[in-house]
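A quick write-up on the structure given underneath.
The values are calculated or read from the model by the stated rules, or taken from the named source; none is laboratory data. Predicted model, so just to flag it, every value in this text is computed and none were measured. Quick reminder, even Gly has a Cβ in these numbers, built from the backbone with ideal geometry, and neighbours come from all protein chains shown.
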Amino acid sequence: MSDDTPAPPKQGKTQVKLQIPDEIAGGQYSNLQIVAASETEFILDFGFVQPQEPKGKVHSRVILSPRHAKQLMRMLAERIRAHEQRFGEIPMPGPPASGGGLVN
């Protein structure tokens, strides 16, 4: 008796080609990061606080599922580990601001 059931697809990595528009390719500097979370999502706000003024502006908001937030955390941890291995430990300021952000 032959088995006509198709084999399941192979679990390989698919390469995704991303296009980065010119207005995004230059990037945005951020010295303020705020993270908020609910059961179903993590919200990451990125902003800039002027060094001489106690005001700032959020210029980007990224919303992630918990799974993607954890994946981002792992990728950042790996990149930081490699960076510190090559360039030395990254000095950290005191505890983050009450809003959860880090302002330098």
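Looking only at residues of the range 53-72 that are farther than 20 Å from GLY27 by Cα and modelled with pLDDT of 95 or more, we find that the one that is surrounded by the most Cβ atoms within 10 Å (Cβ to Cβ) is ALA69. Residues satisfying the criterion are absent from the range 30-52 (criterion: modelled with pLDDT under 95, acidic (Asp, Glu) and more than 15 Å from the chain's Cα centre (by Cα)).
Looking at the range 89-100, can you tell me whether even one residue there is in contact with a Ser or Thr (Cβ under 7 Å, 6 or more places away or on another chain) and either in a loop (DSSP other than H, G, I, E, B) or hydroxyl-bearing (Ser, Thr, Tyr) (or both)? No, because not a single residue in the range 89-100 is in contact with a Ser or Thr (Cβ under 7 Å, 6 or more places away or on another chain) and either in a loop (DSSP other than H, G, I, E, B) or hydroxyl-bearing (Ser, Thr, Tyr) (or both).
For GLU53, the conditions (1) out of contact with any strand residue (DSSP E or B) (no Cβ under 7 Å at 6 or more places or on another chain); (2) over 23 Å from PRO95 (Cβ atoms); (3) part of a loop (DSSP other than H, G, I, E, B) all hold with the exception of (2).
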